[in-house]
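Read through the structure below, which is laid out as structure tokens, and then see the notes.
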Amino acid sequence: VVGGSAGWTLPSFGHVNYTQWTLGNRYHLGDTLVFNYSKDFHNVLAVSKADFIACSTANPIATFQDGHTIINLDTTGPHFYVCGVPGHCGQGQKLLVVV
């Protein structure tokens, strides 16, 4: 579960640092990421590396808004996710995992 018990939320609200959280986990082909969040306040966007760095949400690879998003890690390499709500990525609601 992304973010552990805090889930997918603003880091200042959930007291979670997604960079630190990913460092404590290893990711392998076939693993799943589970994003739990309030769909009224957050979403999950899969984005490119450049968009991740820039916190750009203009051209997402995929958008999820169901409040309980399950993503299967079926390719190796880096995977980039951000919250698409304005300002949330800039406040640290972004996740990079390397499979």
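Brief remarks on what is shown
- The heavy atoms of D51 offer some 30 square angstrom of accessible surface to a 1.4 angstrom probe.
- Integer Hz, Karplus 6.51/-1.76/1.60 couplings in order for the stretch 30-46, x for Gly and Pro: x, 5, 10, 9, 10, 9, 9, 7, 7, 5, 7, 10, 9, 8, 10, 10, 7
- Rounded, prolate or oblate (a/c below 1.5 giving rounded, otherwise prolate when a/b exceeds b/c) for the stretch 1-48 by Cα gyration tensor: oblate
- These residues, T57, T76, go from largest to smallest accessible area, 1.4 Å probe, as T76, T57.
- Using a probe of 1.4 angstrom and keeping all protein chains present, the accessible surface of the stretch 56-99 works out to 52 square angstrom per residue.
- Where labels lie 7 Å past Cα in the beta-carbon direction, separation of I70 and S5 in nm: 2.4
- A full extension of the chain between S56 and N25 corresponds to an added length of 8.6 nm, given 0.36 nm per residue minus the alpha carbon distance.
- At 1.306 mPa s and 10 °C, Stokes D of the stretch 4-98 from Kirkwood alpha-carbon radius, µm² per second: 120
- W21 - accessible surface, heavy atoms, 1.4 Å probe, Å² rounded to 10: 50
- Accessible-area composition of the chain, carbon plus sulfur, in percent [1.4 Å probe]: 54
- The charge dipole of the stretch 4-98, taken about its Cα centre with unit charges on the Cβ atoms of Lys, Arg (+1), Asp and Glu (-1) only, comes to about 180 debye.
- Only Cα pairs under 8 Å and 6+ residues apart enter the sum, and on that basis the relative contact order of the chain stands at 34 percent.
- You can think of it this way: the chain between N17 and S38 has 5.7 nm of extra reach, that is 0.36 nm per residue less the Cα-Cα gap.
- The loop-placed chymotrypsin sites (Phe, Trp or Tyr not before Pro) in the stretch 30-99, going by DSSP, that have at most 14 neighbouring Cβ atoms within 10 Å of their Cβ come out as F41.
- The figure for V98 is an accessible area of roughly 90 square angstrom, using a 1.4 Å probe on the protein chains alone.
The values are calculated or read from the model by the stated rules, or taken from the named source; none is laboratory data. Treat the numbers as computed from the prediction; the structure is a model and nothing was measured. Cβ atoms come from the backbone with ideal geometry, glycine included; neighbour counts cover every protein chain shown. Side chains are part of the model used for accessible areas, which takes the heavy atoms of the whole protein and leaves out ligands, DNA and RNA. Shrake-Rupley method; radii C 1.70, N 1.55, O 1.52, S 1.80 Å.
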